[in-house]
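J.: Got a structure for you, questions after.
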Amino acid sequence: MLEPATTPQEPQSAATVLMVRPARFAFNPQTAASNAFQQRPEAAARLDLQSLALREFDALTDGLQRAGVSVIVADDTAAPAKPDALFPNNWVSFHRDGTVVFYPLLAPNRRSERRDEVIRQVTGDGAFRITRTVDLSYRENDGKYLEGTGSLVLDRAQRVAYANLSPRTDLDVLGEFAQQLDYELVTFEAFDGTGSAVYHTNVLMTIGARFAVVCGAAIAQTRHRDAVYTKLRASGHEILEISLAQMLDFAGNSLELAPAGANVIALSTTAWRSLDPKQRRVLEKYGSILAADIPVIERYGGGGVRCMLAEVHLPARV
């Protein structure tokens with residue numbers, strides 16, 4: 001008797017990423033209230049934030065391509081103004097079974113980032129296939145949000161979604177995501193050293209194929225922290241603990257990628273410099289380090305390298 005067919009385990013890390021080259025990068029006042037990482041430019045500062053951010057964006061793109069990562073670069077449009085367009089992982093995610101998910105965003109001026117032409121570029125330039133669309137963006141009408149793989153840190157291989165509940169990460173929308181994509185949820189609340197809620201899960205946590213970076217000090221309740229650690233260890237991850245200060249330096253905001261040949265761990269130079277030698281050695285066991293210098297994007301956009309990358313796990317078009 002033949003055994004029933006099984007779905008192959010989804011790999012944790014992608015070889016291809018989507019990036020959106022900004023047209024009008026700027027400090028976004030609509031996101032600042034819930035993002036303690038984001039800083040308002042001083043009134044006296046005469047900074048051309050768009051030009052500075054473009055320079056940082058292009059350098060990261062070049063670094064990823066030199067490391068063997070396939071990068072699909074979509075151009076932002078100048079109108080309407082989209083100051084956070086270079087963070088596409090908040091509005092879309094791509095999955096191995098051919099599913100694309102669209103997410104509800106808290107800031108009204110971010111919602112125009114969801115553009116069909118970007119998706120067509122992924123399937124066209126990248127020769128990928130989409131077989132199902134899950135559109136959760138309608139939850140914006142209810143004032144409920146889930147900002148993609150900012151809100152969700154996915155263990156794709158084990159089908160576990162870790163999520164820090166915050167104004168940008170609603171439990172009801174999480175439940176709908178989990179039901180639609182067959183994920184188990186591990187939820188908690190997290191705060192920085194001033195008591196402010198951590199706005200996105202991916203600034204306090206990274207999951208690679210065999211390692212995880214976690215700021216346990218940010219997780220409010222001990223039982224929730226223990227549940228996170230237990231789940232990660234049970235799935236074979238070595239845990240790299242970072243401090244609250246290192247979290248604020250984006251040390252939790254990294255992404256493991258898997259181009260042909262060897263893994264790459266992408267993060268910012270701010271994050272890399274915050275780690276001590278022992279912590280660096282842990283990461284170096286699991287891939288080559290790609291540290292990108294993005295201080296303007298971090299400071300005024302409030303997001304790091306991981307936030308700029310929407311990994312593409314779609315099947316190839318045949």
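J.: Looking at the stretch 239-274 only, could you name the residues that are charged (D, E, K, R) and closer than 14 Å to MET205 by Cα?
T.: GLU241, ASP249, GLU256
J.: So, one more: All but one of (1) over 17 Å from the mean Cα position of the chain (by Cα); (2) under 18 Å from VAL153 (Cα atoms) hold for THR222, so report the exception by its number.
T.: (2)
J.: Across the stretch 123-152, what is the number of residues that are under 15 Å from HIS95 (Cα atoms) and part of a helix (DSSP H, G or I)?
T.: 3
J.: Can ALA178 be described as in contact (Cβ under 8 Å) with a residue 12 or more places away in the chain, closer than 27 Å to TYR229 by Cβ and part of a helix (DSSP H, G or I)?
T.: yes
So that you can scan it fast, the table gives a plain yes or no per residue for (1) at pLDDT 95 or above; (2) over 21 Å from HIS313 (Cα atoms); (3) out of contact with any Asp or Glu (no Cβ under 8 Å at 6 or more places or on another chain):
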position: ALA33; (1), (2), (3): no, yes, yes
position: PHE37; (1), (2), (3): no, yes, no
position: ARG40; (1), (2), (3): no, yes, yes
position: GLU56; (1), (2), (3): yes, yes, no
position: THR77; (1), (2), (3): yes, yes, yes
position: PRO83; (1), (2), (3): yes, yes, yes
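J.: Can you pull out the residues in the stretch 90-116 that are within 18 Å of GLU176 (Cβ to Cβ) and assigned to a loop (DSSP other than H, G, I, E, B)?
T.: TRP91, HIS95, ASP97, TYR103, PRO104, LEU105, LEU106, ARG114
J.: Can you confirm whether THR187 is at pLDDT 95 or above, part of a strand (DSSP E or B) and either in contact with a strand residue (DSSP E or B) (Cβ under 7 Å, 6 or more places away or on another chain) or within 30 Å of GLN246 (Cβ to Cβ) (or both)?
T.: Here the answer is yes, as THR187 does meet what is asked.
J.: Does any residue of the stretch 138-151 turn out to be aliphatic (A, V, I, L, M), within 17 Å of the chain's Cα centre (by Cα), closer than 24 Å to ARG233 by Cβ and modelled with pLDDT of 95 or more?
T.: no
J.: Kindly indicate the residue of the stretch 84-113 that is charged (D, E, K, R) and more than 20 Å from GLN12 (Cβ to Cβ) and also surrounded by the fewest Cβ atoms within 10 Å (Cβ to Cβ) among those meeting that condition.
T.: ARG111
J.: Scan the stretch 234-251 residue by residue and report those that are in contact with a helix residue (DSSP H, G or I) (Cβ under 8 Å, 6 or more places away or on another chain) and part of a helix (DSSP H, G or I).
T.: LEU244, ALA245, GLN246, MET247
J.: Still on this structure: Go through the stretch 61-99 residue by residue and tally those that are over 15 Å from the mean Cα position of the chain (by Cα) and either more than 24 Å from ARG156 (Cα to Cα) or not small (Gly, Ala, Ser) (or both).
T.: Selection size over the stretch 61-99: 23.
J.: Output the number of the condition that ALA227 fails; it satisfies all remaining conditions of (1) closer than 25 Å to LEU146 by Cα; (2) modelled with pLDDT under 95; (3) among the hydrophobic types (A, V, I, L, M, F, W, C); (4) more than 20 Å from the chain's Cα centre (by Cα).
T.: Looking at each condition in turn, ALA227 falls short on (2).
J.: Also: Only one of VAL92, VAL134, VAL71 is under 20 Å from PRO315 (Cα atoms), of a type outside the set (Lys, Arg), touching a Phe, Trp or Tyr at 6+ places or on another chain (Cβ under 7 Å) and modelled with pLDDT of 95 or more. Can you tell me which?
T.: The unique qualifying residue is VAL92.
J.: Report every pair of residues separated by at least 6 positions or lying on different chains whose Cβ atoms are under 9 Å apart, first residue within the stretch 63-75 and farther than 15 Å from GLY126 by Cβ and without any contact (Cβ under 8 Å) to a residue 40 or more places away in the chain, second of a type in the set (A, V, I, L, M, F, W, C) and assigned to a strand (DSSP E or B).
T.: Filtered contacts from the stretch 63-75: ARG66/LEU290.
The values are calculated or read from the model by the stated rules, or taken from the named source; none is laboratory data. The shown structure was predicted, so the numbers you read here are calculated from the model rather than taken from an experiment. Note: ideal-geometry Cβ built from the backbone for every residue, glycine included; neighbour counts use all protein chains shown.
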